Structure formats: C-alpha cells, structure tokens
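> This is the structure I have questions about; it appears just below.
The values are calculated or read from the model by the stated rules, or taken from the named source; none is laboratory data. What you see is a predicted model; the values in this text were computed from it and never measured. Backbone-built Cβ (ideal geometry, glycine too); neighbour counts: all protein chains shown. When the accessible area is computed, the model is the full protein with side chains, heavy atoms only, and any ligands, DNA or RNA have been set aside. Shrake-Rupley method; radii C 1.70, N 1.55, O 1.52, S 1.80 Å.
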Amino acid sequence: MNGPIIKKIIESKIEAKNIKTILFEYQEKIVPGQFFMIWIPGVDEIPMSVSYIHNKIKGITFRNVGDATKALFNLRKGDKIGVRGPYGNGFKINGKHILFVGGGTGIGMLAPAVEEANHKNISCTVILGAKNKNELFFEDRFKKCGATVYVSTDDGSKGYKGFASNLAKKILTENSFDSVLTCGPEIMMKKLLDISKNIPIQASLERYMKCGIGICGQCCIGEGLRTCKDGPVFDGKKLKNAEDFGVYKRDASGCKVKF
C-alpha cells in the first residue's frame, strides 16, 4: 500500500514537554519497530515509528522539532492525517532476559516491543534516557508490564546522572542478557554496539526519508543499506560494517552531515 489512507485522530495527548502521542484506528498487523509514513495535509509527509499497537488502535509519539512535527503537534481529536504503511523490519523478540535502552523520543517505539516481550514471558530491563526529568515519558507504562526500569538524565534531575549508554555499561557488567534492543540518538546506539561485545544487539535507526519503500535511496546507510527497506531495525553484525553508523547522516539534499 503506497498511497496514504486518511485517518481521523481519535485521541491526542501530551506525554512530556514538547512530546505528544496521536492515536488513530488502523487494523493492519504491525510488528514493534516498524514505522508509518504520516502525511500532514498541506505540509509534508514524514516517517514515524509506531508507539502504540492495540488491536484496531495504533499510535505515534513524537517531539515538536520542525515545521512538519509542529503542524502535527497542533492537530487535535477529530482532525485528519494520511497514513501509509507499516513499513520496514521490526524487532526480533526472543530469549529469557532482554535489555532495552531508549533515548529521547526513541523511548516511544520501544514500548510495544517491551509489551510484546512481557506477553512472551521474557524478563525485561529498561533504561530510559533523557536530557532532564521534564522530557521523560512512558516510565509508568513500562513498569505496568513488569519491566525493571532505570532512568538516566543528562543533568541528574532524575535517576542516574549521565548518558544512558554509560548506565547500560554498568548494568551489562552486573547482569546477564540474551540481547540488547535500542532506539535513540545514533551516537548512543553506537556506544551500545561497542560495549555490548558478544551480546546480540538490535538498533532502530532514524534517517531522512522521502519514499519509505526503498526507491529513492535518500535513507541509505553504508554500502547500499536502506533504512526504510532493510531497517529501520538492524542487527549489530550489519551495523559493524556500516561506515556511516554513528558518524554521518544525510540532509534533505542527500549530503552527508556529521553527527
């Protein structure tokens, strides 16, 4: 399905400072980690990871950071958006104990993965990283599904003072995990890849996307890996060979920009 379906917003709620969730009816089956292309009429179409997967109801959680997200942020219950997808590959959730590490709005798309892991009776440890306590969200949601939750903030206003990757390094030395699943700033995920050593890791990448279906090549990372089609969730083996990972991204014109 490559054309948007018009959907009415059934709920719009603030999660934290400049962070909002929008819910809409969507019956397609979705794997945690997949994304939608969301069309804001008259503004733009942008990729959004799925943060809610509940029967017929799906949702996205995002930060108000640019023209498109500002327009989306200002929409309310009853307003309409265009939705196409889901696209991409999601997380493979298996094992006995998984470490989830979310940074910034990457926290949102990890929530359905933790909920699925809980449904499979997998033990979950979750690290939530944010700049400060006012930008944290979904903490109670993770706790409700039985996860052990740790919080890190850059300024120390709540939980561990420092980066989520530093807290993860400490927790990895004290516990045994079957895998690490992560989404957030790419530099954070690159550090996790480096410290996870022999533990399998899956990371969800964010790239500038235009088509969302693997045609335009705008979202390529490394040697021909398309984030929309081959990702957005990649395993550690592929990322170790992707020279752009944690180093470069591309702007709207396709030029490389250093992180």
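> Restricting attention to region 230-241, and to residues there that are touching a Leu at 6+ places or on another chain (Cβ under 7 Å) and part of a strand (DSSP E or B), which single residue is nearest to Ser49 (Cα to Cα)?
Pro232
> Still on this structure: Taking only pairs six or more apart or across chains, which ones have beta-carbon atoms under 7 Å, a first residue in region 160-171 that is closer than 17 Å to Ile201 by Cβ, and a second residue that is buried (at least 18 other Cβ atoms within 10 Å of the Cβ) and of a type in the set (Lys, Arg)?
Matching pairs, first to second residue: Ser165/Lys191.
> While we're here: Of the residues in region 134-177, how many are under 25 Å from Lys120 (Cβ atoms), open to solvent by 80 Å² or more (accessible area, probe 1.4 Å) and in a helix (DSSP H, G or I)?
Result for region 134-177: 4.
> Based on this model, can you work out whether Phe177 counts as of a type outside the set (Asp, Glu) and modelled with pLDDT under 85?
The answer is no for Phe177.
> Could you grab me the full set of residues in region 180-229 that are assigned to a loop (DSSP other than H, G, I, E, B), under 14 Å from Phe259 (Cβ atoms) and open to solvent by 40 Å² or more (accessible area, probe 1.4 Å)?
Within region 180-229, Pro185, Glu206, Tyr208 meet the criteria.
> Filter region 7-35 for residues that are open to solvent by less than 10 Å² (accessible area, probe 1.4 Å) and touching a Pro at 6+ places or on another chain (Cβ under 6 Å) and give the result.
Pro32, Phe35
> Can you tell me which condition Asp44 does not meet? The list is (1) within 29 Å of Gly162 (Cα to Cα); (2) touching a helix residue (DSSP H, G or I) at 6+ places or on another chain (Cβ under 6 Å); (3) surrounded by fewer than 18 Cβ atoms within 10 Å (Cβ to Cβ); (4) not β-branched (Val, Ile, Thr), and all the others hold.
(1)
> Taking region 17-32 as the region of interest, how many residues are among the aromatic types (Phe, Trp, Tyr) and under 15 Å from Phe137 (Cβ atoms)?
0
> Now for a separate question. Determine whether region 89-104 contains at least one residue that is within 22 Å of Ile46 (Cβ to Cβ), open to solvent by 40 Å² or more (accessible area, probe 1.4 Å) and not in a helix (DSSP H, G or I).
Yes: one or more hits.
> Report yes if Lys70 is over 20 Å from Ser204 (Cβ atoms), in the same structural domain as Ile10 (by TED's automatic domain parsing) and either in a loop (DSSP other than H, G, I, E, B) or touching a Leu at 6+ places or on another chain (Cβ under 6 Å) (or both), otherwise no.
In short, no.
> Among the residues of region 152-184, how many are among the β-branched types (Val, Ile, Thr) and closer than 13 Å to Gly104 by Cβ?
2
> Among the residues of region 209-253, which ones are touching a Lys or Arg at 6+ places or on another chain (Cβ under 9 Å), aromatic (Phe, Trp, Tyr) and touching a residue at least 24 places away in the same chain (Cβ under 8 Å)?
Once the filter is applied, which keeps residues that are touching a Lys or Arg at 6+ places or on another chain (Cβ under 9 Å), aromatic (Phe, Trp, Tyr) and touching a residue at least 24 places away in the same chain (Cβ under 8 Å), region 209-253 yields only Phe245.
> Right, here's the next one. Need the failing condition index for Phe245 against (1) outside any loop (DSSP other than H, G, I, E, B); (2) open to solvent by less than 40 Å² (accessible area, probe 1.4 Å), just the number.
Only one criterion in (1) outside any loop (DSSP other than H, G, I, E, B); (2) open to solvent by less than 40 Å² (accessible area, probe 1.4 Å) is unmet by Phe245, namely (1).
> How about region 111-121: which of its residues are in a loop (DSSP other than H, G, I, E, B) and either among the charged types (D, E, K, R) or crowded, with 19+ Cβ neighbours inside 10 Å (or both)?
Correct list: Lys120 only.
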